[in-house]
Amino acid sequence: MDNFDPASLWNLCLGEAEKNLDKTEFDSWLKGSSFEDMSGTLMVIRFRNSFVAGHAKSRFGSMMEEILRDLSGRPDLALQFIGDPAKPGPSSKDFVPPGIGGAGSDSMFLRANYTFDHFVVGPNNQLAHAGALAVSRNAGSSTYNPLFIYGGVGLGKTHLIQAIAHSIRQDESGMTFRYLSTEFVVGTFINCVLQKDYTKFRKLFQGIDYLLMDDIQFLEGKVETQEAFFHRFNELHQQEKQIVLTSDRPPHELKDLPERLISRFQWGLVADIKPPEFETRLAILMLLVRDEGIEIDREVLDFIAASITKNVRQLSGVVHRLAAISRLTGSRIDMELAEKEIKSTLGTISRRLTPGAITSAVAEEFNISPSQLRGKHRKRNILIPRQVAMTLLRELTSMSLKEIGAFFSGRDHSTVLNSIERIEELRESDRDLDRKIEDIKRKLNSL
Ligand code: ADP
Ligand code: MG
């Protein structure tokens, strides 16, 4: 986020939302909102009145938070929507939350580009993708009902479940679906309890061929909602309606959920999504860059794909921010700019052992520049430090030989392997080199 003040960050978020929503929807609820204040990790946004703020929060709150986290690279940020305190709006029961009643309210928001077309399939997500495709073509088949997709943060669960929704919406079979966040389901249930009327809750699950429920782990600890959901689940399943659930953990690791609910989650297909490997990360980056309509050199893409390994959202955050910077300033996206964004994405905790930090430390020790180190020159005074850097990357990070090669201007894994062997040999005879390497490691440890 180093490159943006919060007010322009919010404007970028609005731009992204505008791309995703109907014009009328965007204009009625989000347009004209503005950044008010930042308190810690909470970003406060002002709307024209509290009715609009309340409605915007319930319909777009989680989507806007997602966009904000994508664009800032800060998963800890949260949003608060406020209205003008002088003009209190109608109370919350006067507006209809999404997903309930009325024609056209078949879902909460779908992000426009969370489609199958925009999903890169790799060994890490193949099964989940195949399951999602299968159910989108054929509802309620017993082998895939429910389809339970789980995996860590930012790995594409929401993307896949929304892709199912997009695909149902596009085909002509007349099938209906409802896409719901589990938080919303829990919220609706709590409102029903307060009003002693469960109609709204029941309606969430009626009249649909597909129930798409995201982040089911939020049922943890919500005993009464679990109970009510259990009945709705059974009903839908008996009627051979398709159920798709996502979670950050496999069913058996969900805490405090009754065994009978967990065993139902395992009736169909349970598929996980893992962090993508290097090639898949690179393919995702290429897709993102194409979507943004910008150009980034292959060398820089390799560098980003080698540096960000655990979370696709971070990859897309870096690309979005680089695109915004290049549009705002007209500057070319080079290694230096990419590295800065990668650092701000990975944050201070892991900064110490990023590939960038390690190469900088090596470059400094040998009195050359990081770009010489990563470049193509083969002079001995550069070659040895480069080989040292490769060795340290292998030792101190979880990067594969291939990733390390990519990081150093697209060298292949055998070059990396040879370099590491060479340095190990040299260290035995060259005391000076050995001491330098130890120095670098000490410095990195004390960062
Ligand atoms: P999760 O719900 O698992 O936390 P998301 O579905 O929100 O993650 O994905 C985070 C970001 O990464 C989204 O912008 C999504 O489009 C993107 N993404 C994740 N996996 C892929 C993929 N395989 N291909 C393309 N984009 C992906
Ligand atoms: Mg998600």
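The values are calculated or read from the model by the stated rules, or taken from the named source; none is laboratory data. Bear in mind the structure is a predicted one, so any value in this text is a computation, not a measurement. Backbone-built Cβ (ideal geometry, glycine too); neighbour counts: all protein chains shown. The protein model used for the area step is the full one, side chains on, heavy atoms only, and it has no ligands, DNA or RNA in it. Shrake-Rupley method; radii C 1.70, N 1.55, O 1.52, S 1.80 Å.
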field: Computed magnitude of the charge dipole of the stretch 1-40 (debye, nearest 20; Cβ of K, R +1, Cβ of D, E -1)
entry: 140
message: Please state the shape class of the stretch 352-447: rounded when a/c is under 1.5, otherwise prolate if a/b exceeds b/c and oblate if not, all from the C-alpha gyration tensor.
response: rounded
Stretchable slack from Thr415 to Lys196, in nm (0.36 nm times residue separation minus alpha-carbon distance): 71.9 nm
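Sort Ser331, Ser326 by accessible area with a 1.4 Å probe, largest first.
From most exposed to least exposed: Ser331, Ser326.
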- line: Between the modelled labels at Arg48 and Glu183 (7 Å from Cα along Cα→Cβ) the distance in nm is 2.6
- line: Simple spin-label estimate for Asp22/Ser34, 7 Å along Cα→Cβ, in nm, reads 2.8
query: Near the amide H of Arg249, under 5 Å away, which other amide H atoms are found, from residues 5 or more places off or on another chain, if H is placed in the peptide plane?
result: Gly151
statement: Excluding ligands, DNA and RNA, the carbon-plus-sulfur percentage of the accessible area of the chain with a 1.4 Å probe reads 50
- prompt: In units of 2.2 N^0.38 Å, what is the alpha-carbon radius of gyration of the stretch 180-221?
  reply: 1.17
- request: Name the long-range amide H neighbours of Phe177: under 5 Å, sequence gap of 5 or more, or other chain; modelled H, no Pro or chain starts.
  value: Asp209, Tyr210
- line: the stretch 204-339: relative contact order from alpha carbon pairs under 8 Å, six or more residues apart, as a whole percent, is 19
query: Once amide H atoms are built 1.01 Å from N in the peptide plane, which residues 5 or more positions from Leu79, or in another chain, come under 5 Å H to H?
result: Met43
field: From phi via Karplus (6.51, -1.76, 1.60), per-residue ³J(HN,Hα) for the stretch 434-440 in Hz, x at Gly/Pro
entry: 4, 5, 4, 4, 4, 4, 4
query: Taking θ as phi - 60°, what are the ³J(HN,Hα) couplings along the stretch 245-262 by the Karplus curve (6.51, -1.76, 1.60), each to the nearest whole Hz, with x for Gly and Pro?
result: 10, 10, 7, 7, 9, x, x, 6, 9, 6, 7, 6, 9, x, 3, 5, 6, 4
Point-to-point label distance, Glu235-Lys441, nm (Cα→Cβ direction, 7 Å offset): 6.4
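Placing +1 at every Lys and Arg Cβ and -1 at every Asp and Glu Cβ, with all other atoms neutral, what dipole size does the chain have around its Cα centre, in debye to the nearest 20?
About 260 debye.
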query: Gain in length, Ala78 to Asn367, computed as 0.36 nm per residue apart minus the alpha-carbon separation, to one decimal in nm?
result: 99.8 nm
- line: Residue separation between Asp5 and Glu65 times 0.36 nm, minus their alpha-carbon distance, gives in nm 19.9 nm
query: Put +1 on the Cβ of every Lys and Arg and -1 on every Asp and Glu Cβ in the stretch 6-83; which of Phe51, Leu9, Leu79 then has its Cα farthest towards the positive end of the dipole?
result: Phe51
task: May I ask for the equivalent-ellipsoid semi-axes of the chain, computed as the square root of five times each C-alpha gyration tensor eigenvalue and listed largest first in whole Å?
output: 45, 26, 19
field: Taking the stretch 100-273 and dividing mean pair separation by its residue count, relative contact order in percent (alpha carbons under 8 Å, at least six apart)
entry: 35
- prompt: Expressed as a rounded percentage, what relative contact order does the stretch 320-447 have, with Cα pairs under 8 Å and six or more residues apart?
  reply: 21
- line: Computed Rg/Rh for the stretch 276-348 (Cα atoms; Rh = Kirkwood radius) stands at 0.92
- request: State in Å² the accessible area per residue of the chain; use a 1.4 Å probe, count heavy atoms of protein chains only, and round to the nearest integer.
  value: 46
task: Would you mind computing the Rg to Rh ratio of the stretch 257-379 from its alpha-carbon coordinates, Kirkwood style for Rh?
output: 1.13
statement: Along the stretch 300-310, Karplus-curve 3J(HN,Hα) (6.51, -1.76, 1.60; θ = phi - 60°) to the nearest Hz, with x for Gly and Pro, reads 5, 4, 4, 5, 5, 5, 6, 8, 10, 10, 10
Overall form of the stretch 6-83 per C-alpha gyration tensor (a/c, 1.5; a/b vs b/c): oblate
